[in-house]
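Following: one structure in structure tokens, then a few remarks.
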Amino acid sequence: MNIRKVYIILTGIVITGSVFVACKDEFLEAEPIGVLRDVDLNTKAGVQGLLIGAYSLLDGTGSATNNWEAAGSNFVFGSIASDDAYKGSDPSDQAPMLIMERYETQPNTGYLDIKWRTLYDGIARANDVLRTIPEVEEFTEEERKTITGEARFLRGHYHFDGRQVFEKVPYVDENTIDRANLESAKVPNDKEVWPMIEADFQYAIDNLPETQPDAGRANKSAAKAYLAKVYLFQGKYAEALPLLTDVIANGVTALGAKYDLEDKFSDIYMISNKNNEEIVFAYQSSVNDGSAAVNANSAEVLNFPNGGGAPGGCCGFHQPSQNLVNSYKVDANGLPLLDTFNQTDLKNDNGLSSSDPFTPDMTTPVDPRLDYTVGRRGIPYLDWGLHPGNNWIRNMQQMGPYSPKKKVYRKSDEGQFTDGSSWTPGYNAQIHAIIRFADVLLMAAEAEAEAGSLARATELVNMVRQRAANAEDFVRMPDGSLAANYKIGLYPTFASKDFALKAIRFERKIELAMEGQRFFDLVRWGIAAETLNAYLAVEQTKRPYLRGAVFTPGQDEYFPIPERQINLSQVNGQSVLQPNRNN
């Protein structure tokens, strides 16, 4: 079942019916054709349609003018706003991204209102389910618990995303406002929402089954992993650790497969392998069903190489940073250069045209995950051939020489997993993992290190690194030779808590790169200002558009609440929503 298309159909019926007008008196007594009444929704099918509608906003595209503005992958808010990636393309294209990347965001900056509206629309849809299900008598008690658990899981997710982006957000439950009044802005943001988010996920844990009929649905194991993540964001490591330990030992996917790392790093985001055993919870996408812009992974349709012969063909956004590329350099033992990785740049073709000669560095040892995360000139780009360099880069002088790669579809996916019916062939059936098993292992390693269990923390990190060391997955040239000097080693037992946390944080950077998590990690660790200002100091010497940018501590850890939402929240001339920053 396509969990997005169903809701669009349901909504379309409601809207179609709402615009009928007539002059005859009897029309007022007749039911308009195509209208969904409450009684139509007060059925099993109606409630499932509402629930699917709540799932459908996980990718962030429902309220957006452009699908990428509130992307559920958080590639703007979580990656471009960090040291992961540049906005890419040209500086002037999608200017709000540039403003956010330079930490010059204002309450009226584009994208903010779209992100807010999308999250609270998702919350409203979850609340629709919770308000409607008590009216439907045909559900069994177990069915009622499962659907309520899914709705509360989704409500917890949307509030969590709002909390990590905006910090001071209102909590809206099914009893707060009526669906006829979507103005969540009328609810004050003067209370911390963490306890309510915890309660939503705890309910999901207590009531969801371990398996579900569809891969994209939330289950008990996903709820445990998500609640553990909520605890980590509050520094509640002791509460998170038992949940993570349980998920690692016993967790299963919605379809019942035991959670595990994929044998090959490259297989995690292979579309033909989506919803594999590493995926804890993800938003879903589909193609070739007549609604590409709605059902495909359109939130990331800009994030392809830009140029002829490139996958997607457009538009060169979300380019990996030089800092990220340098992070994959390793020492003679194959371990990260935690403190010195950015002292020199890995050889690249910056400033060269595609016709200029260039040979990639075959000497410097690098982590093999580099070449499944970053597109580099002269290195095979999945099955698209060698990356040609500048011909696939929109503005190399400003944005550097690299292309996104981790979630790009393969040439062999064309037709089956892509949809050519719209303005770009980039619409595809890729999913995005909101939580995956490697993330769970690294969250558990962090909690173990905080508890002083250094041996177990080391073991968990090395599980992630051991997968990356699978030589069968190393990128190879057309002649079968290795594309780079790949080397990756395992850590000896961490000698101290401080070193353990440094290593774990760095492992999250390189394992989860370009997945929309980095900025939020830096903020929750309390090191955003020092890390990002150090990043900017170096990048400004390479990327002209970043000159003068600075991260202001105590302000830029969160994005401002949208001005429009504050204005909409007025009651008797007073705004119920209060700003969360000074600007």
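Ordering 254, 272, 199 by the projection of their Cα atoms onto the charge dipole of segment 176-306, which places +1 on the Cβ of Lys and Arg and -1 on the Cβ of Asp and Glu, puts 199 at the extreme positive end. Hydrodynamic radius of segment 100-156 by the Kirkwood approach over all distinct alpha-carbon pairs: 13.5 Å.
Candidates 461, 362, 423 compared by Cα position along the dipole of segment 361-493: farthest toward the positive end lies 423, with charges placed on Cβ. Full extension of the chain between residue 471 and residue 338 gives 45.5 nm of extra length, using 0.36 nm per residue less the Cα-Cα distance. Ligands, DNA and RNA are left out, and with a 1.4 angstrom probe the accessible area of segment 256-364 is 35 Å² per residue. Rg of the Cα atoms in segment 318-463, relative to 2.2 N^0.38 Å, amounts to 1.25. Partners of residue 411 within straight-line reach, counting lysines whose Cα lies under 22 Å from its Cα and excluding those fewer than 8 residues away in the same chain: 264, 274. Taking a straight Cα-Cα cut-off under 17 Å and skipping sequence neighbours fewer than 8 places away in the same chain, the lysines within cross-link reach of residue 329 are 347, 487, 502, 509. For the pair residue 563 and residue 578 in one chain, pulling the backbone fully straight at 0.36 nm per residue adds 4.4 nm over the alpha carbon distance.
For the Cα trace of the chain, dividing Rg by the Kirkwood Rh returns an Rg/Rh value of 0.97.
Give me a comma-separated list of calculated 3J(HN,Hα) values for segment 234-251, in order, Karplus coefficients 6.51, -1.76, 1.60 applied at θ = phi - 60°, integers in Hz, x for any Gly or Pro. Per-residue couplings from phi come out as 9, x, 8, 5, 5, 6, 6, 4, x, 5, 5, 4, 5, 4, 5, 7, 10, x Hz. Seen from all directions on average, segment 435-554 presents a Cα convex hull projection of 10.0 nm².
Can you work out ³J(HN,Hα) from phi for every residue in segment 384-392, in order, using Karplus 6.51 cos²θ - 1.76 cosθ + 1.60 and θ = phi - 60°, giving whole Hz and x for Gly and Pro? After applying 6.51 cos²θ - 1.76 cosθ + 1.60, I find 8, x, 6, 5, x, x, 4, 4, 10 Hz.
For residue 316, the residues whose amide H sits under 5 Å from its own are 304, 306, ignoring neighbours fewer than 5 places away on the same chain, with H placed 1.01 Å from N. Label separation (residue 345 vs residue 490): 3.7 nm, computed from points 7 Å beyond Cα along the C-beta direction.
A Förster radius of 30 Å combined with the Cβ-Cβ distance from residue 43 to residue 255 puts the calculated FRET efficiency at roughly 0.70.
Taking packing as the residue-averaged number of other Cβ atoms within 10 angstrom, the listed peptides 525-533, 200-208, 327-335 run from highest to lowest as 200-208, 327-335, 525-533. In the chain, the DSSP-assigned H stretches of four residues or longer account for a calculated mean residue ellipticity at 222 nm of -11000 deg cm²/dmol, using -39500 (n - 2.57) per stretch and the full residue count as denominator. Taking the 1.4 Å solvent-accessible surface of the chain as the whole, the part contributed by carbon and sulfur is 51%.
The packing ranking, built from the mean of other Cβ atoms within 10 Å per residue, places the peptides 549-558, 376-385 in the order 376-385, 549-558, highest first.
Per-residue surface analysis assigns residue 493 an accessible area of about 90 Å², computed on protein heavy atoms at 1.4 Å probe radius. For the chain, the dipole from Cβ point charges (+1 on Lys and Arg, -1 on Asp and Glu) about the Cα centre works out to 1220 debye, to the nearest 20.
If you model segment 521-583 as an ellipsoid using its alpha carbon gyration tensor, with each semi-axis the square root of five times an eigenvalue, the axes come out at 32, 14, 7 Å, biggest first. Here the spin labels are modelled as points 7 Å beyond Cα on the Cα-Cβ line, and at residue 499 and residue 141 they lie 5.6 nm apart. With the convex hull constructed from alpha-carbon coordinates only, segment 464-518 shows a mean projected area of 5.0 nm² over all directions.
Straight-line reach from residue 220: taking Cα to Cα under 16 Å and skipping same-chain neighbours fewer than 8 places apart, the lysines in range are 145, 229, 258.
Working ranking of peptides 495-508, 136-149 by packing, defined as the average number of other Cβ atoms within 10 Å per residue, highest first, is 495-508, 136-149. Along its principal axes, segment 267-382 has C-alpha extents of 50, 38, 20 angstrom, given from the largest down. Computed from Cα atoms alone, the Kirkwood hydrodynamic radius reported for segment 352-411 is 12.2 Å. Subtracting the Cα-Cα distance of residue 246 and residue 571 from 0.36 nm times their residue separation leaves 112.3 nm of extension gain.
Taking every alpha-carbon pair under 8 Å whose residues sit at least 6 apart, segment 376-489 reaches a relative contact order of 17 percent. Relative contact order, whole percent, for the chain stands at 19, derived from Cα pairs under 8 Å and 6 or more residues apart. Judged by the gyration tensor of its Cα atoms, with axes a ≥ b ≥ c, segment 82-235 is prolate; a/c meets the 1.5 cut and a/b is the larger of a/b and b/c. Assign one of three labels to segment 188-324, namely rounded, prolate or oblate, based on the Cα gyration tensor with a ≥ b ≥ c the square roots of its eigenvalues; rounded applies when a/c is under 1.5, prolate when it is not and a/b is larger than b/c, and oblate otherwise. It comes out prolate by the Cα gyration axes.
The values are calculated or read from the model by the stated rules, or taken from the named source; none is laboratory data. Everything numeric in this text was worked out from a predicted model, so none of it was measured. Reconstructed Cβ throughout: ideal geometry from the backbone, glycine too, with neighbour counts over all protein chains shown. Only protein heavy atoms, including side chains, enter the accessible area calculation; ligands, DNA and RNA are left aside. Shrake-Rupley method; radii C 1.70, N 1.55, O 1.52, S 1.80 Å.
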